[in-house]
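One structure is given here, and the rest of the page talks about it.
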Amino acid sequence: MTLGDRLLIVAILISSAIAALFIYLKPFNKELINEQTVIISCKGAVIKKVTLSEKRHGKTFNVMGRIGLVTVETLGKQIRIQEAPCHDRLCIRQGWISRPGQSIVCMPSELLITIEGNSPVDAVTR
Amino acid sequence: MKKLVIIGISLLLLVVALLKTGSIFALKEYKSDRFMMDTLITIKVYGKEETKLRKAVEEAYNEMQRIADMSDRFPEEGTTACKTSDICRINAQAGKNPVKVHKEVIEMLMLCMKGYKLSKGGFDATIGPLTMLWGFGSEDAVVPSSDKVKLKLPDVGSNLLHIDEKKQDVFLDKVGMKLDLGSVAKGYAAERAAQILQKNGIKKGLIDAGGNIRVIGSNSQNRPWQIGIKDPRKKDALIAILSLKDESAVTSGDYYRYFEADGKRWHHIIDPRTGYPANKNISVTVIAKDAGMADILSTAFFVMNPEEAIKTAEGMAGVEVFLVTSNKKIMHTDGLKGRLELKAGGEYHYDPGR
């Protein structure tokens, strides 16, 4: 076995190990840095992305729904609809959500707020 | 020789790593959300070719929209939407003439009659006059006076509903009667959508029609689909997790559509016999093969006594029920043992021996 052979072997071993590490760790990256991404969409089109993190201060912002402005509030890793122009106010009543896979639906506004990531369940019956 | 072995091992490592993520043989996921039938409908399917998945999902949504259009009860008489809706036309002709309808409407109404009979009138598709009176979802939902409720009761009753399967027509005996397919249409549409997906070769998929769940095959990890049941009293929490395969789960609860007045909660599931919200259960989940039947049964069992609901479900093939009574007692059929993971907190009572 020449020195070149040995180098080649070591190089292959290291690159395999690095590849394996990357592949195994990838899904957990977001959780490692303790952040969550929230997708806000209206009529099926994404209108805003927000990052939730323990470290960030709470804030409120407006997004345009089908029938008017909807006020969204974030606090740490939680998000909720604070104000909406609908009559039934079901979206406000859904309150805070904080876990991956959870979502808030606003029917009259055709607004959907979803926290990205893997949920322990495939769907929820309610 | 030695180096060949080492190179071989390294490659093996890489392949194992790739297999773990499933990236070599993984099926593609296609997911779509659509606002329809007064709710959000999510369809998630798995397969090899994305174009085929997209086409299948599009066809499923089209079918659901078709069912929605023919069963909508809200359009005003005389509008185009009312002319498309069989239910609107039947209601407009109540006490006057039979109305020819789509075969799907006949199917839905036949399912409703089953629910009516087994719940002894606890479920009734002719509940329209009462849902209109209570006006849930509208700005001006108020508790109606007991006189007004009493006045509507004679206009409710499936004994006055006539379905002619051969002629494919429907007739309501009295002027003022109104059909309301609100507790069957979403489940039925989800069932039709599942059939369309299967016809398109989909072997793994999930339809979530506003919490009415219908699954096809097993989930992406080849395990039964894991379906959470919402905790009826705690926001942001599950009370249990179900394992489902090729079946549906539908829940009726008092916590979703309701309003508060006089210090009381008035929810949207009205007992057609009293005209007031049913008060024996706070959440009822039905697991059945057919999503339309599951939808009807969840409402029927919600209105019934919990013990009677369990007993009725035990007597039906392929039907299971999980319920929370108004005293916060958890009950379920024996068939759920082994595929139910309880998550309930201390505020609920549960006797596993039951």
| What strands (runs of 3 or more DSSP E), lying completely within the range B:251-331, carry at least 2 residues that are of a type outside the set (D, E, K, R) and in contact with a Ser or Thr (Cβ under 8 Å, 6 or more places away or on another chain)? | B:281-288, B:320-325
| task | Would you confirm whether any residue within the range B:243-257 is closer than 26 Å to B:ILE67 by Cβ, modelled with pLDDT under 95 and surrounded by fewer than 19 Cβ atoms within 10 Å (Cβ to Cβ)? | result | yes
| Which of the following residues is crowded, with 16+ Cβ neighbours inside 10 Å and farther than 20 Å from A:LYS43 by Cα: A:VAL105, A:VAL124? | A:VAL124
| query | Tally time: how many residues in the range B:213-227 are touching a residue at least 24 places away in the same chain (Cβ under 8 Å) and either facing chain A (nearest Cβ under 7 Å) or in contact with an Asp or Glu (Cβ under 8 Å, 6 or more places away or on another chain) (or both)? | reply | 6
| message | Quick check on my filter: what residues within the range B:35-76 are within 12 Å of chain A (Cβ to nearest Cβ) and modelled with pLDDT of 95 or more? | response | B:ILE41, B:THR42, B:ILE43, B:LYS44, B:TYR46, B:TYR61
| query | Considering the range A:89-112 alone, what residues qualify as being part of a helix (DSSP H, G or I) and touching a Phe, Trp or Tyr at 6+ places or on another chain (Cβ under 7 Å)? | reply | none
| request: Run down B:THR80, B:THR84 and say which single residue is exposed (fewer than 13 other Cβ atoms within 10 Å of the Cβ) and free of Cβ contacts under 8 Å to residues at least 60 places away in the same chain. | output: B:THR80
| query | Checking B:GLU247 against (1) under 16 Å from the mean Cα position of the chain (by Cα); (2) under 27 Å from A:PRO108 (Cα atoms); (3) not small (Gly, Ala, Ser), which single condition isn't satisfied? | reply | (2)
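Pull up the range A:43-72, narrow it to residues that are within 13 Å of chain B (Cβ to nearest Cβ) and in a loop (DSSP other than H, G, I, E, B), then point me to the one that is nearest to A:GLU116 (Cα to Cα).
A:GLY44
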| said: Any residue at all in the range B:209-217 that's assigned by TED's automatic domain parsing to the domain that holds B:ILE287 and part of a strand (DSSP E or B)? | reply: no
| task | Considering each of B:ASP271, B:ASP295, B:ASP290 in turn, give the residue that is closer than 25 Å to A:ASP88 by Cβ, modelled with pLDDT of 95 or more, surrounded by fewer than 23 Cβ atoms within 10 Å (Cβ to Cβ) and charged (D, E, K, R). | result | B:ASP271
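The values are calculated or read from the model by the stated rules, or taken from the named source; none is laboratory data. A quick note: this is a predicted structure, and the numbers were derived from the prediction, not measured. Neighbour counts run over all protein chains shown; Cβ positions are idealised from the backbone, glycine included.
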